[in-house]
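Data block below; observations after.
The values are calculated or read from the model by the stated rules, or taken from the named source; none is laboratory data. Here the structure is a predicted model, which is why all the values come from computation and not from measurement. Heads up, the Cβs are rebuilt from the backbone with ideal geometry, glycines too, and the neighbour counts pull from every protein chain shown.
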Amino acid sequence: MAKILIVDDERAIRSTLKEILEYENHQVDEAVDGAEGWEKIQKGGYDILLSDIKMPRMDGTELLEKTLSAGLDCQVIMISGHGTIETAVECIKKGAYDFIAKPLDLNRLMITLRNALDKSTLIEETKTLRKKVSKNAEMIGDSPAIRKVKDMIERVAPTDARVLVTGENGTGKELVARYIHEKSNRSTAALIEVNCAAIPSELIESELFGHEKGAFTSAIKQRKGQFELAHGGTLFLDEIGDMSLSAQAKVLRALQENKITRVGGEKEISVDVRIIAATNKNLKDEIAKGNFREDLYHRLSVIIIEVPSLNDRIEDVPLLANHFLQTICNDYGIPVKAIKADAVKELMDIQWTGNIREFRNVVERLIILGEKEISKEDVISFARHTKQT
(Lines give C-alpha, C1' and ligand atoms only; values in the text may rest on other atoms or scores of the structure.)
Protein backbone atom coordinates (compact mmCIF):
# COMPACT_ATOMS: atom_id res chain seq x y z
CA MET A 1 0.00 0.00 0.00
CA ALA A 2 1.29 3.44 -0.97
CA LYS A 3 0.50 6.91 0.33
CA ILE A 4 -0.52 9.04 -2.65
CA LEU A 5 -1.35 12.74 -2.99
CA ILE A 6 -3.51 13.92 -5.90
CA VAL A 7 -3.14 17.61 -6.73
CA ASP A 8 -5.65 18.86 -9.33
CA ASP A 9 -8.04 21.78 -9.50
CA GLU A 10 -10.71 19.60 -11.16
CA ARG A 11 -12.84 17.88 -8.49
CA ALA A 12 -14.06 15.21 -10.93
CA ILE A 13 -10.49 14.15 -11.72
CA ARG A 14 -9.56 14.01 -8.04
CA SER A 15 -12.67 12.01 -7.10
CA THR A 16 -12.26 9.50 -9.92
CA LEU A 17 -8.57 8.91 -9.21
CA LYS A 18 -9.16 8.65 -5.47
CA GLU A 19 -11.89 6.04 -5.93
CA ILE A 20 -9.72 3.95 -8.26
CA LEU A 21 -6.61 4.15 -6.09
CA GLU A 22 -8.43 3.43 -2.84
CA TYR A 23 -9.96 0.38 -4.51
CA GLU A 24 -6.33 -0.73 -5.06
CA ASN A 25 -5.79 -0.35 -1.28
CA HIS A 26 -3.72 2.83 -1.48
CA GLN A 27 -4.06 5.66 1.03
CA VAL A 28 -5.09 8.77 -0.92
CA ASP A 29 -5.21 12.48 -0.04
CA GLU A 30 -6.33 15.41 -2.22
CA ALA A 31 -5.27 19.01 -2.78
CA VAL A 32 -7.05 21.61 -4.94
CA ASP A 33 -3.89 23.40 -6.11
CA GLY A 34 -0.12 23.45 -5.80
CA ALA A 35 -0.08 25.65 -2.70
CA GLU A 36 -2.31 23.26 -0.73
CA GLY A 37 -0.39 20.34 -2.17
CA TRP A 38 2.93 21.76 -0.95
CA GLU A 39 1.53 22.21 2.58
CA LYS A 40 0.44 18.57 2.66
CA ILE A 41 3.67 17.26 1.12
CA GLN A 42 5.72 18.92 3.86
CA LYS A 43 3.69 17.12 6.52
CA GLY A 44 2.65 13.88 4.89
CA GLY A 45 5.56 11.68 3.76
CA TYR A 46 3.96 10.63 0.47
CA ASP A 47 5.28 7.87 -1.80
CA ILE A 48 3.67 9.23 -4.97
CA LEU A 49 2.57 12.70 -6.06
CA LEU A 50 0.09 12.93 -8.95
CA SER A 51 0.00 16.56 -10.02
CA ASP A 52 -1.76 18.57 -12.70
CA ILE A 53 0.37 21.26 -14.36
CA LYS A 54 -1.97 24.25 -14.85
CA MET A 55 -3.48 25.23 -11.50
CA PRO A 56 -4.18 28.49 -9.64
CA ARG A 57 -1.84 29.89 -6.91
CA MET A 58 0.99 27.40 -7.58
CA ASP A 59 1.25 25.35 -10.76
CA GLY A 60 2.47 21.77 -11.00
CA THR A 61 5.90 22.66 -12.38
CA GLU A 62 6.68 24.82 -9.34
CA LEU A 63 5.33 22.11 -7.04
CA LEU A 64 7.59 19.57 -8.77
CA GLU A 65 10.64 21.80 -8.30
CA LYS A 66 9.86 22.45 -4.62
CA THR A 67 9.34 18.75 -3.92
CA LEU A 68 12.60 17.71 -5.56
CA SER A 69 14.70 20.57 -4.14
CA ALA A 70 13.50 19.63 -0.65
CA GLY A 71 15.04 16.18 -1.19
CA LEU A 72 11.78 14.37 -0.41
CA ASP A 73 11.58 10.65 -1.25
CA CYS A 74 8.53 11.04 -3.44
CA GLN A 75 8.05 10.01 -7.07
CA VAL A 76 6.26 12.77 -9.02
CA ILE A 77 3.95 11.90 -11.92
CA MET A 78 2.67 14.89 -13.89
CA ILE A 79 -0.79 14.81 -15.50
CA SER A 80 -2.19 17.48 -17.83
CA GLY A 81 -4.85 18.10 -20.46
CA HIS A 82 -2.59 20.67 -22.11
CA GLY A 83 0.29 18.34 -22.66
CA THR A 84 2.73 18.51 -25.55
CA ILE A 85 5.91 16.60 -26.23
CA GLU A 86 7.87 19.68 -25.16
CA THR A 87 5.98 19.90 -21.87
CA ALA A 88 6.53 16.23 -21.14
CA VAL A 89 10.25 16.46 -21.92
CA GLU A 90 10.60 19.55 -19.72
CA CYS A 91 8.91 17.81 -16.77
CA ILE A 92 11.13 14.74 -17.10
CA LYS A 93 14.22 16.96 -17.32
CA LYS A 94 13.18 18.69 -14.10
CA GLY A 95 12.99 15.31 -12.38
CA ALA A 96 9.43 14.01 -12.78
CA TYR A 97 9.15 10.23 -12.91
CA ASP A 98 6.68 10.37 -15.84
CA PHE A 99 4.16 12.51 -17.69
CA ILE A 100 0.64 11.30 -18.58
CA ALA A 101 -1.70 13.30 -20.77
CA LYS A 102 -5.43 13.75 -20.08
CA PRO A 103 -7.84 12.12 -20.65
CA LEU A 104 -6.04 9.57 -18.52
CA ASP A 105 -5.45 6.06 -19.77
CA LEU A 106 -6.09 4.19 -16.50
CA ASN A 107 -4.12 1.11 -17.55
CA ARG A 108 -1.09 3.29 -18.34
CA LEU A 109 -1.56 5.15 -15.06
CA MET A 110 -1.63 1.96 -12.98
CA ILE A 111 1.49 0.58 -14.71
CA THR A 112 3.30 3.88 -14.17
CA LEU A 113 2.27 3.91 -10.50
CA ARG A 114 3.51 0.37 -9.99
CA ASN A 115 6.86 1.15 -11.64
CA ALA A 116 7.24 4.37 -9.63
CA LEU A 117 6.57 2.45 -6.41
CA ASP A 118 9.13 -0.20 -7.42
CA LYS A 119 11.67 2.60 -7.90
CA SER A 120 10.82 4.08 -4.48
CA THR A 121 11.26 0.65 -2.89
CA LEU A 122 14.65 0.18 -4.55
CA ILE A 123 15.80 3.63 -3.43
CA GLU A 124 14.73 2.91 0.14
CA GLU A 125 16.40 -0.52 0.13
CA THR A 126 19.59 1.02 -1.25
CA LYS A 127 19.61 3.64 1.51
CA THR A 128 19.05 0.96 4.14
CA LEU A 129 21.86 -1.19 2.75
CA ARG A 130 24.22 1.78 2.60
CA LYS A 131 23.47 2.61 6.22
CA LYS A 132 24.05 -1.02 7.19
CA VAL A 133 27.32 -1.24 5.24
CA SER A 134 28.46 2.11 6.64
CA LYS A 135 27.60 1.02 10.19
CA ASN A 136 29.42 -2.30 9.82
CA ALA A 137 32.41 -0.59 8.22
CA GLU A 138 33.15 1.96 10.93
CA MET A 139 36.74 2.80 11.69
CA ILE A 140 36.75 2.00 15.40
CA GLY A 141 39.50 3.23 17.67
CA ASP A 142 40.91 6.26 19.44
CA SER A 143 44.60 5.35 19.71
CA PRO A 144 47.19 7.86 18.41
CA ALA A 145 48.00 5.47 15.53
CA ILE A 146 44.42 5.26 14.26
CA ARG A 147 43.75 8.96 14.89
CA LYS A 148 46.68 9.71 12.57
CA VAL A 149 45.04 7.58 9.83
CA LYS A 150 41.67 9.31 10.32
CA ASP A 151 43.33 12.72 10.11
CA MET A 152 45.08 11.77 6.88
CA ILE A 153 41.77 10.61 5.40
CA GLU A 154 40.08 13.90 6.29
CA ARG A 155 42.89 15.86 4.62
CA VAL A 156 43.21 13.71 1.51
CA ALA A 157 39.62 12.72 0.73
CA PRO A 158 38.38 16.07 -0.72
CA THR A 159 41.25 16.12 -3.22
CA ASP A 160 41.78 13.92 -6.28
CA ALA A 161 45.27 12.89 -5.17
CA ARG A 162 46.21 9.26 -5.69
CA VAL A 163 46.63 7.32 -2.47
CA LEU A 164 48.73 4.25 -1.67
CA VAL A 165 47.46 2.40 1.41
CA THR A 166 49.97 0.06 3.03
CA GLY A 167 49.74 -2.34 5.93
CA GLU A 168 49.60 -5.98 6.98
CA ASN A 169 46.79 -8.31 5.94
CA GLY A 170 43.62 -7.76 7.92
CA THR A 171 44.41 -4.23 9.11
CA GLY A 172 41.57 -2.57 7.21
CA LYS A 173 43.17 -1.15 4.05
CA GLU A 174 39.92 -1.63 2.10
CA LEU A 175 38.06 0.25 4.84
CA VAL A 176 40.46 3.19 4.46
CA ALA A 177 39.77 3.24 0.71
CA ARG A 178 36.01 3.24 1.34
CA TYR A 179 36.31 6.11 3.81
CA ILE A 180 38.35 8.18 1.34
CA HIS A 181 35.76 7.60 -1.37
CA GLU A 182 32.75 8.34 0.87
CA LYS A 183 34.29 11.62 2.05
CA SER A 184 35.38 12.68 -1.45
CA ASN A 185 33.65 14.78 -4.08
CA ARG A 186 33.16 11.53 -6.03
CA SER A 187 31.07 9.85 -3.33
CA THR A 188 27.89 9.82 -5.45
CA ALA A 189 29.71 7.92 -8.22
CA ALA A 190 30.94 4.35 -8.15
CA LEU A 191 33.70 2.85 -6.05
CA ILE A 192 35.00 -0.07 -8.12
CA GLU A 193 37.21 -2.61 -6.35
CA VAL A 194 39.69 -4.89 -8.10
CA ASN A 195 41.67 -7.52 -6.19
CA CYS A 196 44.79 -7.80 -8.32
CA ALA A 197 45.92 -10.94 -6.49
CA ALA A 198 42.69 -12.81 -7.20
CA ILE A 199 42.72 -12.35 -10.99
CA PRO A 200 45.02 -14.51 -13.17
CA SER A 201 47.77 -12.46 -14.82
CA GLU A 202 46.48 -13.34 -18.30
CA LEU A 203 43.07 -11.85 -17.47
CA ILE A 204 44.01 -8.76 -15.44
CA GLU A 205 44.32 -6.51 -18.51
CA SER A 206 40.87 -7.51 -19.76
CA GLU A 207 39.47 -6.96 -16.25
CA LEU A 208 40.94 -3.47 -15.98
CA PHE A 209 40.62 -2.19 -19.54
CA GLY A 210 37.89 -4.36 -21.08
CA HIS A 211 38.08 -6.13 -24.41
CA GLU A 212 36.56 -6.11 -27.86
CA LYS A 213 34.58 -9.00 -29.28
CA GLY A 214 36.98 -11.61 -30.68
CA ALA A 215 40.04 -10.22 -28.85
CA PHE A 216 40.70 -13.74 -27.58
CA THR A 217 39.00 -17.15 -27.68
CA SER A 218 36.42 -16.55 -24.95
CA ALA A 219 35.74 -12.91 -25.87
CA ILE A 220 32.29 -13.57 -27.37
CA LYS A 221 31.14 -9.97 -26.89
CA GLN A 222 32.51 -6.54 -26.10
CA ARG A 223 33.12 -5.89 -22.41
CA LYS A 224 33.84 -2.70 -20.50
CA GLY A 225 36.71 -2.80 -18.04
CA GLN A 226 36.83 -1.51 -14.49
CA PHE A 227 38.49 1.76 -15.53
CA GLU A 228 35.46 2.60 -17.68
CA LEU A 229 32.99 1.44 -15.03
CA ALA A 230 34.71 3.68 -12.47
CA HIS A 231 34.52 6.78 -14.73
CA GLY A 232 33.71 9.77 -12.55
CA GLY A 233 34.34 7.74 -9.41
CA THR A 234 37.11 5.83 -7.65
CA LEU A 235 39.03 2.70 -8.66
CA PHE A 236 40.48 0.73 -5.75
CA LEU A 237 43.35 -1.53 -6.82
CA ASP A 238 43.82 -3.91 -3.90
CA GLU A 239 47.03 -5.96 -3.62
CA ILE A 240 48.59 -4.00 -6.46
CA GLY A 241 51.97 -5.52 -5.60
CA ASP A 242 50.74 -8.75 -7.24
CA MET A 243 49.95 -7.13 -10.60
CA SER A 244 51.89 -8.38 -13.63
CA LEU A 245 54.50 -6.09 -15.20
CA SER A 246 52.62 -5.89 -18.50
CA ALA A 247 49.46 -4.76 -16.72
CA GLN A 248 51.54 -2.29 -14.68
CA ALA A 249 52.75 -0.69 -17.92
CA LYS A 250 49.18 -0.19 -19.14
CA VAL A 251 48.03 1.18 -15.78
CA LEU A 252 50.93 3.65 -15.87
CA ARG A 253 49.86 4.83 -19.32
CA ALA A 254 46.26 5.20 -18.17
CA LEU A 255 47.40 7.33 -15.23
CA GLN A 256 49.65 9.47 -17.42
CA GLU A 257 47.14 10.11 -20.21
CA ASN A 258 43.75 9.48 -18.56
CA LYS A 259 43.00 7.21 -21.52
CA ILE A 260 42.68 3.45 -21.94
CA THR A 261 42.43 1.06 -24.86
CA ARG A 262 40.43 -2.16 -24.64
CA VAL A 263 42.24 -5.44 -25.29
CA GLY A 264 41.96 -6.12 -29.02
CA GLY A 265 40.87 -2.55 -29.72
CA GLU A 266 42.49 0.54 -31.20
CA LYS A 267 40.16 3.32 -30.05
CA GLU A 268 41.36 5.39 -27.11
CA ILE A 269 38.74 5.95 -24.42
CA SER A 270 39.02 8.90 -22.02
CA VAL A 271 38.51 8.06 -18.35
CA ASP A 272 38.20 10.27 -15.27
CA VAL A 273 39.11 8.02 -12.37
CA ARG A 274 40.68 8.54 -8.96
CA ILE A 275 43.06 5.71 -8.06
CA ILE A 276 43.49 4.30 -4.58
CA ALA A 277 45.92 1.38 -4.40
CA ALA A 278 46.72 -0.94 -1.52
CA THR A 279 49.36 -3.53 -0.76
CA ASN A 280 50.75 -5.61 2.08
CA LYS A 281 54.13 -5.77 0.33
CA ASN A 282 57.09 -3.42 0.57
CA LEU A 283 56.94 -2.00 -2.95
CA LYS A 284 60.46 -0.56 -2.72
CA ASP A 285 61.74 -4.10 -2.12
CA GLU A 286 59.63 -5.30 -5.06
CA ILE A 287 61.17 -2.57 -7.24
CA ALA A 288 64.66 -3.73 -6.25
CA LYS A 289 63.71 -7.31 -7.20
CA GLY A 290 62.36 -6.15 -10.59
CA ASN A 291 58.78 -7.10 -9.74
CA PHE A 292 57.32 -3.59 -9.64
CA ARG A 293 57.82 -0.53 -11.82
CA GLU A 294 59.42 2.39 -10.03
CA ASP A 295 57.68 4.96 -12.26
CA LEU A 296 54.28 3.43 -11.41
CA TYR A 297 55.15 3.50 -7.71
CA HIS A 298 55.82 7.23 -7.90
CA ARG A 299 52.53 7.77 -9.76
CA LEU A 300 50.55 5.87 -7.14
CA SER A 301 52.23 7.15 -3.99
CA VAL A 302 51.33 10.85 -4.07
CA ILE A 303 49.92 10.22 -0.59
CA ILE A 304 50.92 7.17 1.48
CA ILE A 305 48.70 6.04 4.34
CA GLU A 306 50.17 3.30 6.52
CA VAL A 307 47.49 1.39 8.43
CA PRO A 308 48.81 0.20 11.81
CA SER A 309 48.61 -3.41 12.89
CA LEU A 310 46.30 -4.26 15.78
CA ASN A 311 49.37 -4.94 17.93
CA ASP A 312 50.48 -1.35 17.31
CA ARG A 313 47.12 -0.02 18.52
CA ILE A 314 46.36 -2.57 21.24
CA GLU A 315 44.69 0.12 23.38
CA ASP A 316 41.79 0.05 20.87
CA VAL A 317 40.90 -3.55 21.81
CA PRO A 318 38.18 -2.58 24.38
CA LEU A 319 36.40 -0.36 21.83
CA LEU A 320 36.74 -2.98 19.10
CA ALA A 321 35.47 -5.76 21.38
CA ASN A 322 32.33 -3.82 22.33
CA HIS A 323 31.74 -2.79 18.71
CA PHE A 324 31.94 -6.35 17.38
CA LEU A 325 29.88 -7.72 20.28
CA GLN A 326 27.08 -5.34 19.38
CA THR A 327 27.18 -5.72 15.60
CA ILE A 328 27.57 -9.52 15.57
CA CYS A 329 24.86 -10.08 18.21
CA ASN A 330 22.55 -7.77 16.25
CA ASP A 331 23.27 -9.73 13.07
CA TYR A 332 22.42 -12.97 14.90
CA GLY A 333 19.27 -11.41 16.40
CA ILE A 334 20.34 -12.21 19.98
CA PRO A 335 20.77 -9.99 23.07
CA VAL A 336 24.13 -8.24 23.14
CA LYS A 337 26.56 -10.16 25.34
CA ALA A 338 28.68 -8.38 27.95
CA ILE A 339 32.39 -8.95 28.41
CA LYS A 340 34.25 -8.88 31.72
CA ALA A 341 37.19 -6.54 32.29
CA ASP A 342 39.61 -9.41 32.84
CA ALA A 343 38.47 -10.95 29.54
CA VAL A 344 39.27 -7.68 27.73
CA LYS A 345 42.66 -7.61 29.44
CA GLU A 346 43.29 -11.17 28.25
CA LEU A 347 42.42 -10.11 24.67
CA MET A 348 44.88 -7.23 24.94
CA ASP A 349 47.68 -9.65 25.89
CA ILE A 350 47.28 -11.70 22.68
CA GLN A 351 49.56 -11.17 19.66
CA TRP A 352 47.14 -10.59 16.78
CA THR A 353 48.96 -11.84 13.69
CA GLY A 354 45.76 -11.65 11.65
CA ASN A 355 44.89 -8.14 12.89
CA ILE A 356 41.30 -6.85 12.85
CA ARG A 357 40.08 -9.70 10.66
CA GLU A 358 41.33 -12.29 13.15
CA PHE A 359 40.07 -10.28 16.12
CA ARG A 360 36.54 -10.13 14.70
CA ASN A 361 36.51 -13.88 14.12
CA VAL A 362 37.61 -14.49 17.72
CA VAL A 363 34.84 -12.23 19.08
CA GLU A 364 32.31 -14.10 16.95
CA ARG A 365 33.63 -17.40 18.35
CA LEU A 366 33.33 -16.06 21.90
CA ILE A 367 29.73 -15.01 21.25
CA ILE A 368 28.83 -18.47 19.98
CA LEU A 369 30.75 -20.57 22.50
CA GLY A 370 31.06 -18.30 25.53
CA GLU A 371 28.65 -17.67 28.39
CA LYS A 372 26.14 -14.82 28.66
CA GLU A 373 28.93 -12.65 30.02
CA ILE A 374 32.21 -13.47 28.31
CA SER A 375 34.91 -14.27 30.86
CA LYS A 376 38.68 -14.54 30.98
CA GLU A 377 38.29 -18.33 30.97
CA ASP A 378 36.28 -18.10 27.73
CA VAL A 379 39.08 -16.12 26.11
CA ILE A 380 41.69 -18.63 27.29
CA SER A 381 39.59 -21.54 26.00
CA PHE A 382 38.33 -20.15 22.71
CA ALA A 383 40.93 -17.56 21.71
CA ARG A 384 44.32 -18.40 23.21
CA HIS A 385 43.84 -22.17 22.86
CA THR A 386 42.96 -21.83 19.18
CA LYS A 387 46.04 -19.71 18.50
CA GLN A 388 48.34 -22.20 20.27
CA THR A 389 47.08 -25.29 18.41
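Check whether at least one residue in the stretch 21-39 is in a strand (DSSP E or B), touching an Asp or Glu at 6+ places or on another chain (Cβ under 6 Å) and among the hydrophobic types (A, V, I, L, M, F, W, C), and report yes or no.
Checked against the condition, which is being in a strand (DSSP E or B), touching an Asp or Glu at 6+ places or on another chain (Cβ under 6 Å) and among the hydrophobic types (A, V, I, L, M, F, W, C), the stretch 21-39 yields at least one hit.
Just a yes or no: is a residue in the stretch 66-84 of a type in the set (Lys, Arg), in a helix (DSSP H, G or I), crowded, with 16+ Cβ neighbours inside 10 Å and without any contact (Cβ under 8 Å) to a residue 60 or more places away in the chain? Let's see the steps before the verdict.
Just the residues of the stretch 66-84 that are of a type in the set (Lys, Arg), to begin with: 66.
Imposing the further condition that a residue be in a helix (DSSP H, G or I) reduces the set to 66.
Still in the running and crowded, with 16+ Cβ neighbours inside 10 Å: 66.
Restricting the remaining residues to those that are without any contact (Cβ under 8 Å) to a residue 60 or more places away in the chain gives 66.
Yes - at least one qualifying residue is present in the stretch 66-84.
With the requirement that a residue be in contact with a helix residue (DSSP H, G or I) (Cβ under 7 Å, 6 or more places away or on another chain) and among the small types (Gly, Ala, Ser), what does the stretch 292-327 give you?
Ser309, Ala321
For a quick check of your reading: which helices (runs of 4 or more DSSP H) sit entirely within the stretch 305-380 and have at least 3 residues that are closer than 30 Å to Ile180 by Cβ and not assigned by TED's automatic domain parsing to the domain that holds Asn282?
317-332, 355-369
Among residues belonging to the stretch 40-51 that are in contact (Cβ under 8 Å) with a residue 12 or more places away in the chain and in a helix (DSSP H, G or I), point out the one that is farthest from the chain's Cα centre (by Cα). First the steps, then the outcome.
So in the stretch 40-51, the residues in contact (Cβ under 8 Å) with a residue 12 or more places away in the chain come out as 40-42, 44-51.
With in a helix (DSSP H, G or I) added as a condition, the list becomes 40-42, 44.
Values: Lys40: 32, Ile41: 29, Gln42: 29, Gly44: 29 Å.
Filtering the stretch 40-51 for residues that are in contact (Cβ under 8 Å) with a residue 12 or more places away in the chain and in a helix (DSSP H, G or I), the one farthest from the chain's Cα centre (by Cα) comes out as Lys40.
Checking Met55 against (1) loosely packed, with under 12 Cβ neighbours inside 10 Å; (2) in contact (Cβ under 8 Å) with a residue 24 or more places away in the chain, which test does it fail?
(1)
Restricting attention to the stretch 234-250, which residues are modelled with pLDDT under 95 and of a type in the set (A, V, I, L, M)?
Scanning the stretch 234-250 gives Met243, Leu245, Ala247, Ala249.
Working only within the stretch 260-304, note down all residues that are at pLDDT 95 or above, in a loop (DSSP other than H, G, I, E, B) and basic (Lys, Arg).
Lys281, Lys289, Arg293
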